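What follows is a single structure, written as structure tokens, with notes after it.
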Amino acid sequence: MKFGKEFEAQMVQEWQEAYVDYSNLKSILKDILRFKQLNNVPSPMAATIKGKLKRNASLYRAFSGLTSRFRPESTLNNNEDEVILVSAVQGRDGEGDYQTMFLRSNEEGAEHELVFFRRLDDEFNKVIKFYKKNVAEVIVEADELSKQMNALIALRIKVDNPVIGENDVVNLVPNGFSSNSSSIDHPTNGGNQAWSMMNVIQEEKKKEDNDGINGGEGNKKEGFKAAPLEVLDHVKINVEVGTPLSTLKAVIKSSKSNLSFSRKELRTAEEKITRAIVEFYRKLRLLKSYCFLNQLAFSKIMKKYDKITSRNASKAYLQMVDKSYFGSSDEVTALMERVEDTYAKHFANGNRRKGMKKLRPQAKRERHRITFLYGLFSGCSIALIVAIIVNLHARALLNSVERDQYMVNIFPLYSLFGYVALHMLMYAGNTYFWKRYRINFPFIFGFKQGTELGYRQLLLLTSGLSLLTLAAVISHLDIEIDPRTQTFRTLTELIPLFLLILVVSIAFCPFNNIYRSSRFFLIRCAFRCVCAPLYKVTLPDFFLADQLTSQVQAFRSLEFYLCYYVWGNFRERSNKCEDSEVYRVFYIVVAIVPYWLRFIQCLRRLLEEKDAAHGVNGLKYLSTIAAVALRTIYQFQKQKTTAWLVLAAATSGMATIFNTYWDIVIDWGLLRRKSSNPWLRDKLVLAHKVVYFLAMALNCVLRLVWMQQVLGIQTVLFLHGTALTAVVASLEIIRRGIWNFFRLENEHLNNVGKYRAFKSVPLPFCYDHNGDNSM
């Protein structure tokens with residue numbers, strides 16, 4: 001693989017704008033190469049091509065006046081082999097910027113090399129500033145985590161020994177750790193301020209040389225005692241407003257509560273600090289990778305420059321890179337070592353290998369059996385579809401009097417699984433294209449590293465569900481057609497119910513199989529959606545609620561299950577559900593519940609974030625609720641009146657306009673008239689712009705499928721009404737799948753624009769001002 005592609009593949013996608021623009025620098029080198037090659041072309045062809053190259057070189061026009069600025073008077077007389085000089089220039093903001101002086105500016109074609117070095121300096125200064133800023137942030141985070149560890153250690157002591165005095169000195173844990181500790185001081189502040197991570201409890205101090213870590217005065221630091229229990233007097237527990245109980249506490253009381261010194265409180269604090277340390281260590285790893293990749297990129301590009309120009313400039317420039325803060329700082333490495341030691345001692349019982357498995361989870365290995373199985377299941381599903389078609393033609397079911405009976409009573413039962421399988425298939429396609437276009441969906445959804453499902457696993461689940469459903473359908477038909485099984489008619493009608501129980505049992509299975517972590521993540525998100533007012537709304541929660549709004553017909557199928565098997569005469573394959581007023585009322589209720597959940601989520605976010613956009617979004621879902629309710633009422637009318645038709649059409653039209661605008665402008669971030677990509681947005685993931693316009697047009701068309709229900713349009717005459725309803729519901733699921741891709745693309749680009757590559761992890765303890773001063 002070429003370095004450019006490998007470089008892009010290993011980038012932190014949310015930081016991609018902070019990396020050196022290797023492809024741009026490489027394109028400038030190509031211009032230099034073309035200019036060098038043209039020197040060998042005979043005149044007048046060379047003059048014509050050179051003139052054209054200069055006219056098309058925007059960088060040349062922008063920096064053509066730099067020659068005189070970077071031309072020293074007598075440097076070449078002193079050293080003919082010297083090509084560049086690199087120096088740090090003090091800027092107005094007090095920070096030094098590196099500038100490269102090109103010493104061969106008198107040569108022909110030097111203007112292109114001047115442009116190259118100016119661009120190279122800009123990229124290097126950008127990289128250094130970003131790296132410095134992030135290192136400063138992790139040092140602040142390390143100091144905060146040190147305070148959190150002090151409080152956790154004191155809390156552990158207090159919980160294990162409730163009668164211990166405040167100033168007593170004891171060991172933290174029964175594994176031999178003593179209360180002595182040594183500090184690692186910041187290399188740049190003379191050792192006056194502790195910046196290391198969680199160095200409160202260590203083994204007995206060893207006499208060893210700490211050069212390379214302390215990097216300054218006093219390699220042998222005197223130990224100091226661990227923070228006494230009086231730390232707990234300045235600490236309170238942060239109440240995370242994320243659960244129903246914490247929400248009520250935050251409303252009634254403060255968001256902070258006093259310590260209770262209970263085991264449960266200790267466990268909760270340990271879990272939060274563990275997550276914070278793991279996320280902090282991940283940030284350190286990415287910073288180290290960022291530093292390494294950019295150093296490698298500068299090395300590669302300078303070697304290419306030397307090769308193209310036959311000069312020897314890389315040595316001087318790379319020496320500057322090594323001596324700069326970017327190449328010489330070791331704060332990140334020292335912090336990583338301290339985090340590893342601390343985590344192993346305090347959270348892995350001193351087992352470093354176990355601790356490293358938690359800090360550095362291994363990436364999932366792709367298994368060939370998954371590909372084999374979903375291929376097998378897909379092939380079997382296709383074979384069953386063919387068998388069902390043959391069976392229907394053999395019985396002439398489509399033309400018999402049994403057609404209406406089957407479509408009204410049995411088809412809605414099996415269509416539920418079809419909706420779910422289609423949605424899973426669309427999500428599998430989403431994950432494939434998200435991964436292909438490097439959209440970091442595991443980070444956006446908050447999946448634990450290594451637990452997210454890829455498109456292969458999703459295709460396996462989809463094909464498995466399809467196989468089960470189609471097998472049930474063909475079994476249902478075969479039992480009916482065989483005279484020997486006529487006595488099992490009751491059992492035959494129960495096959496869809498058995499299938500539903502099987503699928504639900506697999507979904508809630510507590511055993512560690514069939515992707516338990518992903519199943520439970522989905523169940524937790526669904527539970528938080530149902531309890532939306534009482535839980536803090538996160539992206540997975542409202543994303544799932546949006547998916548549920550496209551599964552209205554699936555919820556109605558669940559309602560039909562209840563009506564058919566409880567109040568219907570399923571033994572005779574008949575029901576009078578639609579004649580029941582209760583069924584009609586719940587038919588409307590189950591349709592508006594997903595929109596109501598999204599409305600409540602918008603209200604919760606409006607109260608927390610004070611952003612009026614969430615209020616407007618809530619009004620959008622209210623308009624959809626009105627449209628769905630009026631359409632359903634109109635649908636149930638035996639004698640349809642013009643007044644209800646006008647109401648249903650008007651509310652549906654307004655809701656469609658509102659939803660379509662919100663989809664394209666807010667959720668997708670498109671239709672920006674003044675953007676660099678007219679009527680799209682400034683940043684795009686897909687190279688072909690026509691895809692965005694097609695997606696917008698398709699979204700508008702699929703938003704209008706409600707017209708079939710209101711106006712009674714029978715576009716396909718041979719389709720039964722129930723089948724047409726299933727087709728309309730499937731089109732909405734397909735629209736949602738398209739919406740998913742562009743919604744997450746927009747979210748990813750927002751993260752890239754803000755360099756947001758990490759989740760904020762809530763910390764358990766809060767220090768008051770006296771506690772901070774005492775630290």
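Which members of the stretch 9-26 meet the condition of being open to solvent by 40 Å² or more (accessible area, probe 1.4 Å), in a helix (DSSP H, G or I) and within 13 Å of Leu120 (Cβ to Cβ)? Selection gives Asn24, Lys26. Given the conditions (1) closer than 26 Å to Arg743 by Cβ; (2) in contact (Cβ under 8 Å) with a residue 40 or more places away in the chain; (3) in contact with an Asp or Glu (Cβ under 9 Å, 6 or more places away or on another chain), which single one is not true for Asp541? Of everything listed in (1) closer than 26 Å to Arg743 by Cβ; (2) in contact (Cβ under 8 Å) with a residue 40 or more places away in the chain; (3) in contact with an Asp or Glu (Cβ under 9 Å, 6 or more places away or on another chain), Asp541 misses just condition (3). Here is a check on your reading of the model: is Phe280 of a type outside the set (A, V, I, L, M), more than 24 Å from Arg524 (Cα to Cα) and modelled with pLDDT under 80? No: the conditions fail for Phe280. Only a single item in (1) farther than 23 Å from Phe521 by Cα; (2) open to solvent by less than 50 Å² (accessible area, probe 1.4 Å) is not met by Val537, and it is number (1).
In the stretch 683-695 there is at least one residue matching the filter, namely being under 30 Å from Tyr432 (Cα atoms), assigned to a helix (DSSP H, G or I) and open to solvent by less than 50 Å² (accessible area, probe 1.4 Å).
Selection of the stretch 751-767 for residues being open to solvent by less than 10 Å² (accessible area, probe 1.4 Å) and within 23 Å of Met11 (Cα to Cα) yields Asn751, Val752, Ala757.
With the requirement that a residue be surrounded by 17 or more Cβ atoms within 10 Å (Cβ to Cβ) and assigned to a helix (DSSP H, G or I), what does the stretch 562-585 give you? Matches in the stretch 562-585: Cys563, Tyr564, Phe570, Cys577, Tyr583. Is it the case that some residue within the stretch 453-470 is over 35 Å from the mean Cα position of the chain (by Cα) and over 30 Å from Arg524 (Cβ atoms)? No, the stretch 453-470 contains no residue that is over 35 Å from the mean Cα position of the chain (by Cα) and over 30 Å from Arg524 (Cβ atoms). Considering the stretch 452-463 alone, what residues qualify as being modelled with pLDDT of 90 or more and either surrounded by fewer than 22 Cβ atoms within 10 Å (Cβ to Cβ) or not in a helix (DSSP H, G or I) (or both)? Within the stretch 452-463, Leu453, Gly454, Tyr455, Arg456, Gln457 meet the criteria. Listed by position, the helices (runs of 4 or more DSSP H) inside the stretch 296-404 whose residues that are among the aliphatic types (A, V, I, L, M) and either outside the structural domain of Tyr455 (by the TED database) or surrounded by 14 or more Cβ atoms within 10 Å (Cβ to Cβ) (or both) number at least 1 are 314-323, 331-347, 352-359, 368-395.
Only a single criterion out of (1) open to solvent by less than 60 Å² (accessible area, probe 1.4 Å); (2) polar (S, T, N, Q); (3) not in a helix (DSSP H, G or I) is not satisfied by Gln639, namely (1). Kindly establish whether Ala612 is open to solvent by less than 20 Å² (accessible area, probe 1.4 Å) and modelled with pLDDT under 95. Answer is no for this residue. Screening Phe765 with (1) out of contact with any strand residue (DSSP E or B) (no Cβ under 9 Å at 6 or more places or on another chain); (2) modelled with pLDDT of 75 or more gives one miss only, at (1). Looking across the stretch 467-498, the residues that are within 21 Å of Val386 (Cα to Cα), modelled with pLDDT of 85 or more and of a type outside the set (Ser, Thr, Tyr) come down to Leu467, Leu468, Leu470, Ala471, Ala472, Val473, Ile474, Ile495, Pro496.
Residue by residue, here is whether (1) in a loop (DSSP other than H, G, I, E, B); (2) modelled with pLDDT of 90 or more; (3) assigned by the TED database to the domain that holds Ser574; (4) not hydroxyl-bearing (Ser, Thr, Tyr) holds:
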site	(1), (2), (3), (4)
Val408	no, no, yes, yes
Phe417	no, yes, yes, yes
Ala421	no, yes, yes, yes
Gly429	no, yes, yes, yes
Lys435	no, yes, yes, yes
Gly450	yes, no, yes, yes
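Total residues in the stretch 545-561 satisfying the condition of being open to solvent by 30 Å² or more (accessible area, probe 1.4 Å) and within 16 Å of Cys602 (Cα to Cα): the figure is 1. Pairs meeting the criteria (first residue in the stretch 600-611 and part of a loop (DSSP other than H, G, I, E, B), second residue open to solvent by less than 70 Å² (accessible area, probe 1.4 Å), beta carbons under 8 Å, at least 6 apart or on different chains) are Asp611/Arg605. Open to solvent by 10 Å² or more (accessible area, probe 1.4 Å), without any contact (Cβ under 8 Å) to a residue 40 or more places away in the chain and assigned to a helix (DSSP H, G or I), is that true of Glu141? Considered against the rule, which asks whether it is open to solvent by 10 Å² or more (accessible area, probe 1.4 Å), without any contact (Cβ under 8 Å) to a residue 40 or more places away in the chain and assigned to a helix (DSSP H, G or I), Glu141 comes out as no. Of the listed requirements (1) farther than 18 Å from Glu745 by Cβ; (2) touching a helix residue (DSSP H, G or I) at 6+ places or on another chain (Cβ under 6 Å), Asp667 misses just one: (1).
The values are calculated or read from the model by the stated rules, or taken from the named source; none is laboratory data. Only a predicted model underlies this, so the values are computations on that prediction, with no experimental measurement involved. Neighbour counts are summed over all protein chains in view; Cβ atoms, including those assigned to glycine, are modelled from backbone coordinates with ideal geometry. These area figures cover heavy atoms from the full protein model, side chains too; ligands, DNA and RNA do not enter into them. Shrake-Rupley method; radii C 1.70, N 1.55, O 1.52, S 1.80 Å.
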